[in-house]
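Here is the structure we will look at, set down as structure tokens.
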């Protein structure tokens, strides 16, 4: 570990513009959607048009969220290696090996996490579940909105029987929101933990796109 710590570091361009923009669009919209959604479900402020503004902000933020999620999914197949679906699915022997090593690190059974350029295998796998929750939020949101809509979105009412009606869709929407907020807390904690242990600029990378790793770091998919 000492030799690794003293190894010369090399700057790697990991997160491209599309990844960074969609990341922040999704992150910020989740918090705005959560704040307005909680108010819509449990109004606690009085005002002439407070509920109206909350619904307007919620609706347009939902559009931003949906477009950002869609763009990121498309970019998994059209973008460069670090943005690929391979960073989410352990598709190589090394990724499987690093997945086990990462779990041991988080369980305090290993002093150092495995060196990865993009997402570590455990984080990548967890994001599959997160994108599944994004899909639940979008589908349930469309189902609820379709009840009062008079455009083509009214056709989304076909989703209601599958979701056990409006109340079923609302419950699932609400529960998934809290799961996403809990994921956010865990995401920040583990990002700080990994950044502190690896000293690779993990937190800064989502702003700059660059991480610092030992020179000659092999690609994650090898």
* **Residue count for the range 92-109, restricted to those that are surrounded by 14 or more Cβ atoms within 10 Å (Cβ to Cβ) and modelled with pLDDT under 85** => 5
* Can you tell me which of 63, 57 is modelled with pLDDT of 95 or more, part of a helix (DSSP H, G or I) and surrounded by 12 or more Cβ atoms within 10 Å (Cβ to Cβ)? -> 57
* Just wondering, is there one or more residues in the range 153-174 that are within 19 Å of residue 126 (Cβ to Cβ), without any contact (Cβ under 8 Å) to a residue 12 or more places away in the chain and either touching a helix residue (DSSP H, G or I) at 6+ places or on another chain (Cβ under 6 Å) or outside any loop (DSSP other than H, G, I, E, B) (or both)? -> no
* Asked: In the range 5-26, what count of residues is obtained for those that are at pLDDT 95 or above and either in a loop (DSSP other than H, G, I, E, B) or within 13 Å of residue 181 (Cα to Cα) (or both)?
  -> 1
* **Residue ID - nearest to the chain's Cα centre (by Cα), chosen from residues in the range 190-218 that are at pLDDT below 80 and loosely packed, with under 13 Cβ neighbours inside 10 Å** => 196
* Just one of the numbered conditions (1) on the phi > 0 side of the Ramachandran plot; (2) crowded, with 17+ Cβ neighbours inside 10 Å is not true of residue 177; which one? -> (1)
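The values are calculated or read from the model by the stated rules, or taken from the named source; none is laboratory data. Note that the structure is a prediction, hence the values are computed from the model and not measured. Reconstructed Cβ throughout: ideal geometry from the backbone, glycine too, with neighbour counts over all protein chains shown.
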